[in-house]
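These notes concern the structure reproduced below.
The values are calculated or read from the model by the stated rules, or taken from the named source; none is laboratory data. Note that this is a predicted model, so its numbers are computed, not measured. Don't worry about glycine lacking a Cβ; one is built from the backbone with ideal geometry, like all the others, and counts go over all protein chains shown.
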C-alpha cells in the first residue's frame, strides 16, 4: 500500500462540509466588499517566485517545491498567492479593468517545511488583493473585510496586530540600526537567526524561539524610524480603525516573512492554537508590481491558511454546518419495487429534493439501518402493495409517525415538509 505523503491531509467525505461552509462564507464576504475571484496556475516558472518573494525569505531559501519539467524548465509549485496574481495582473493588463481592482482567491499552496498542527506542506489559502490605492483607507478596507469575516464566523479570540515597516528609504535607516543592535547579541541568537542576520535581519524580530523572543524585546522599533509620509500613513490607519471600532494593538515585532512588504503589515493572532497563533497575515506591497515588470501600482492584501482557521473554529466550538442528509430514503423490496423506487428518486432529484434509494440489493432491515445512518428524515418502503395501490407510507425517522398518500402527491408533501 502507498500511504499519503508527509505533510499532506485527506479531507474525508464526513469532514468536507466544514471546508464548504468556510468557502461559501468567504465568497459571500468577498462579494460584499466587491472582490472578484481570480484563479492562477498551481505551478509557475521558478523565476516568478525568486523575483516576487525575494531571496531573503525562508520560503525561497528552504521551502519551495521546485522541479525541472521535460523541457528542462525550472517550475515551482505555488508557495503563496500574491506573486501569481501580480504576474497575471501584468500579463493580462488587468489595470484596464479600472482602479481600485479587487481580487480574491481560494487555492492550494505548497511549502516544504516541518509539518505542525494547522501547518501542512500542502495547505489551502484564502487571499485578497486590492490594487491601485496608496490610501490608508485601502489598508482599512482589507482589515475591515477580515474583521467582518471573523465576526460572521463567530471567532472572538483573534486580535489584530499592526505595525509599519516603512518604505525602502526609512527601512534602510532602520535596518542599519537593527543590525548594530543584533551584532551585540549575535552569540545568543538561534542558528536560523544568525543566518538571517546576514540575509534578512528583519525576520529575526518575528522568530518564535524563546531565546530570540527574549533577546529582541529591546530592539529598535520600526515605527521610531519611519519617514514623515510613512508615519502619517500609519497614524491615519490607526485613526480609521479606531473610528470603525476595530480593536488593534501596535506590535513592533510584526514584520511578515516575505520580502515584498512595505509600510503596513498586520496579523490576526489567536490565543487558542498555541505558539503558531497567527491565523491571518498581510500588508501593503507598493513596489512589487513595478519590481516584477509592471507599472507603479500600490497594493495591499492578505492570506489565510484555511487548515489553521479550521483549528481555531473547532477549538472555539464554532458551528460549521453539518453533513448533507437526504430528505427521503426509498427502500424497495423486489425488482419491480426497485424500478419504481429508482424512478421516484430520479423525479424528486429533478425537482430539487434530496432523495436516495438502494442500489446494492440490501435486505429491508439493512436498508433501514442505512437510512438511519445517513440521517434521512423520511423513509418510504415500496413493495407489491405500494405498486398496486399507488399509495406509499412515509415514516418520519425521528418520531416514528407515518403518513399515507398517493405517489402523485409525494413531491408536494415533501416540498412543504422538507
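Quick notes on this structure:
- Among the candidates 113, 44, 24, the residue that is in a loop (DSSP other than H, G, I, E, B) and either surrounded by fewer than 20 Cβ atoms within 10 Å (Cβ to Cβ) or modelled with pLDDT under 95 (or both) is uniquely 113.
- Condition check for residue 238: more than 23 Å from the chain's Cα centre (by Cα), modelled with pLDDT of 90 or more and not assigned by TED's automatic domain parsing to the domain that holds residue 297: yes
- Taking helices (runs of 4 or more DSSP H) as the structural unit, those lying wholly within the range 162-227 and holding at least 1 residues that are farther than 17 Å from residue 62 by Cβ correspond to 168-183, 210-215.
- Residue match in the range 286-293 (condition: outside any loop (DSSP other than H, G, I, E, B), free of Cβ contacts under 8 Å to residues at least 12 places away in the same chain and not assigned by TED's automatic domain parsing to the domain that holds residue 126): no
- For the range 263-278, residues that are at pLDDT 90 or above and crowded, with 22+ Cβ neighbours inside 10 Å total 6.
- Any hit, the range 332-349, residues being under 33 Å from the mean Cα position of the chain (by Cα), more than 30 Å from residue 147 (Cα to Cα) and in contact (Cβ under 8 Å) with a residue 12 or more places away in the chain: no
- Only listed residue being out of contact with any helix residue (DSSP H, G or I) (no Cβ under 8 Å at 6 or more places or on another chain) and either part of a helix (DSSP H, G or I) or buried (at least 22 other Cβ atoms within 10 Å of the Cβ) (or both), chosen from 235, 245: 235
- Matching residues in the range 370-394 - criterion: being without any contact (Cβ under 8 Å) to a residue 60 or more places away in the chain and over 19 Å from residue 334 (Cβ atoms): 372, 373, 374, 375, 376, 377, 378
- Against the conditions (1) surrounded by 14 or more Cβ atoms within 10 Å (Cβ to Cβ); (2) more than 25 Å from residue 130 (Cβ to Cβ); (3) modelled with pLDDT of 85 or more, residue 218 satisfies every one except (1).
- Complete set of residues in the range 395-415 that are touching a helix residue (DSSP H, G or I) at 6+ places or on another chain (Cβ under 9 Å), in contact (Cβ under 8 Å) with a residue 24 or more places away in the chain and farther than 18 Å from residue 342 by Cα: 397
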